[in-house]
1. Could you list, in sequence order, the residues of segment 55-78 that are touching a helix residue (DSSP H, G or I) at 6+ places or on another chain (Cβ under 7 Å) and either at pLDDT below 95 or among the charged types (D, E, K, R) (or both)?
2. Residues that are buried (at least 16 other Cβ atoms within 10 Å of the Cβ), in the same structural domain as Asn118 (by TED's automatic domain parsing), under 25 Å from the mean Cα position of the chain (by Cα) and near the ligand (Cβ under 6 Å from one of its atoms): does segment 181-194 have at least one?
3. Do you know which of the residues in segment 192-206 that are in contact (Cβ under 8 Å) with a residue 40 or more places away in the chain and touching an Asp or Glu at 6+ places or on another chain (Cβ under 7 Å) is nearest to Tyr174 (Cα to Cα)?
4. Only residues that are more than 8 Å from the ligand (Cβ to nearest atom) and free of Cβ contacts under 8 Å to residues at least 60 places away in the same chain: list them for segment 207-233, please.
5. Would you mind stating whether Gly95 is modelled with pLDDT of 95 or more and closer than 24 Å to Ala11 by Cα?
6. I want to confirm something. Restricting to segment 136-150 and keeping residues that are in contact with a helix residue (DSSP H, G or I) (Cβ under 9 Å, 6 or more places away or on another chain) and free of Cβ contacts under 8 Å to residues at least 60 places away in the same chain, which single residue is surrounded by the most Cβ atoms within 10 Å (Cβ to Cβ)?
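The values are calculated or read from the model by the stated rules, or taken from the named source; none is laboratory data. Remember, predicted model here, so these are calculated numbers, not experimental data. Neighbour counts are summed over all protein chains in view; Cβ atoms, including those assigned to glycine, are modelled from backbone coordinates with ideal geometry.
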Amino acid sequence: MTGGTEWERYATEGVLLDGFHALKHALRFGARVPVAIARDKAAALALAADLAPDLTGTLEELLNEVPGERLRALVPRPHPTGVAALALRDPARGGVPRASTGRDAPVVVLDNPRNLGNVGAVIRLAAGAGAGGVLTTGDADPWHPSAVRASAGLHFATAVEHREVAALPEGPLYAFDPEGADLRKVPLPRGAMLAFGSERHGLSDEVRARADHLVALPMEPQVSSYNLATSVAMALYHWMARDT
Ligand SMILES: C[S@@+](CC[C@H](N)C(=O)[O-])C[C@H]1O[C@@H](n2cnc3c(N)ncnc32)[C@H](O)[C@@H]1O
């Protein structure tokens, strides 16, 4: 951390990893982590021995113990594991789509999400399900530390980008809305984008206009809607459970 160039890189590509799990996933999925601190290094290493034995050597070298006040000064609401780190996003690593399951996996579009906890939960789902990535529209930063905390660092396991609606990739767009056609009767084609509306207002007019299909998750009468992240989970499970 010496030259101005390195500092500039931290300012543009630096991502705060808040908590042991975020650090664990960032390391597992190849993030460069120049700084990592722990309130209690021995406790963090014991956690690693239990939950991430693949990383104990790396963490032994990487973690620096700091007093609790120092951690609180750097991270406003430290994670219960007392671990924090700085990772660097790698712009060369490629954007959407990127998936272990290949380029035909669906890409999730979150249309103007308001809650960063939901954004992180969806990124975690996309990583687990092998989706092609997560695109967000609107003014929320999908790489905000609160979203990275909620994804447990799984931003580094999938592709995560902000896009304008006009810049969404080509390909059939399936917009999710309770008024749509029953998803169980709609096969999702290769390369589909699955779009979900915001927590308060649902799908924007722009995304509705761009959509090729409006699809619904089955729901009992009188129930208005599911939670955003829960809706994405059901849609991705529907895709994962397909006959191929
Ligand atoms: C909490 S809901 C939005 C509720 C909002 N008040 C509205 O008017 O749509 C967030 C998003 O989850 C998805 N969603 C929730 N329940 C759904 C359902 N039964 N079928 C399809 N999509 C659903 C939609 O994309 C919706 O925009």
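1. Across segment 55-78, the qualifying residues are Glu60, Glu65, Pro78.
2. Within segment 181-194, not a single residue is buried (at least 16 other Cβ atoms within 10 Å of the Cβ), in the same structural domain as Asn118 (by TED's automatic domain parsing), under 25 Å from the mean Cα position of the chain (by Cα) and near the ligand (Cβ under 6 Å from one of its atoms).
3. Ala195
4. Answer for segment 207-233, where residues must be more than 8 Å from the ligand (Cβ to nearest atom) and free of Cβ contacts under 8 Å to residues at least 60 places away in the same chain: Arg208, Ala209, Arg210, Ala211, Asp212, His213, Leu214, Glu220, Pro221, Gln222.
5. So Gly95 does not fit the description; no.
6. Ala147
So that you can scan it fast, the table gives a plain yes or no per residue for (1) under 21 Å from Ala105 (Cα atoms); (2) part of a helix (DSSP H, G or I):
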residue: Glu161; (1), (2): yes, no
residue: Glu170; (1), (2): yes, no
residue: Tyr174; (1), (2): yes, no
residue: Gly191; (1), (2): yes, no
residue: Glu206; (1), (2): no, yes
residue: Gln222; (1), (2): no, no
residue: Val232; (1), (2): yes, yes
residue: Tyr237; (1), (2): yes, yes
